[in-house]
Each structure stands twice: as structure tokens, then as C-alpha cells.
1. Could you check the stretch 1-13 and list, in sequence order, the residues that are open to solvent by 60 Å² or more (accessible area, probe 1.4 Å) and not in a loop (DSSP other than H, G, I, E, B)?
2. Quick one: is Glu50 open to solvent by less than 90 Å² (accessible area, probe 1.4 Å) and either at pLDDT 95 or above or aromatic (Phe, Trp, Tyr) (or both)?
3. What's the number of the condition Gly58 fails, among (1) part of a loop (DSSP other than H, G, I, E, B); (2) at pLDDT 95 or above; (3) not aliphatic (A, V, I, L, M)?
4. Filter the stretch 14-34 for residues that are loosely packed, with under 11 Cβ neighbours inside 10 Å and assigned to a loop (DSSP other than H, G, I, E, B); which is modelled with the lowest pLDDT?
Amino acid sequence: MYPKDVQRVMGKTYTQARLYLKKIKQHLNKEDHQLISIQEFCNYSGLPIEEVTRSIGG
């Protein structure tokens, strides 16, 4: 997941989306260079994976 994806799904600004992904990374003990998967995003946010993949065009 990238900040642009979070913007599409959640309607946040780019900065808010970037900070949200940073919060997820901290929660998952990931390093800054590591990415967040769609599944990890869905588990954290509570959103259904079908809705997220549809929103980001996957």
C-alpha cells in the first residue's frame, strides 16, 4: 500500500495517509523501507479486502 492508495480508500490527504501508513508500520514493527500489504492494511483498518482492492483498482 502506498499513500495514494490510502487516499483513495479513506479519503485522507496525502500527509494523513502517509502518517497512517507509518502508524501501521510501527504497529507491525516494520522498518521504514518495508511496504504494507493490502492484507496488513485491512487487518489494521478493519476494512474488507474486497472493498479496498476495488477502491485502489486491484
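The values are calculated or read from the model by the stated rules, or taken from the named source; none is laboratory data. Just so it is clear, the structure is predicted and the values come from calculations on it, not from any experiment. Here the Cβ positions follow ideal geometry from the backbone for every residue, glycine too, while neighbour counts run over all protein chains shown. Each accessible area value is taken on the protein alone, full model and side chains, heavy atoms only, with ligands, DNA and RNA left out. Shrake-Rupley method; radii C 1.70, N 1.55, O 1.52, S 1.80 Å.
1. Matches in the stretch 1-13: Lys4, Arg8, Met10.
2. Details: open to solvent by less than 90 Å² (accessible area, probe 1.4 Å): no; either at pLDDT 95 or above or aromatic (Phe, Trp, Tyr) (or both): yes.
Considered against the rule, which asks whether it is open to solvent by less than 90 Å² (accessible area, probe 1.4 Å) and either at pLDDT 95 or above or aromatic (Phe, Trp, Tyr) (or both), Glu50 comes out as no.
3. So Gly58 meets the others, but not (2).
4. Checking each candidate, the answer is Asp32.
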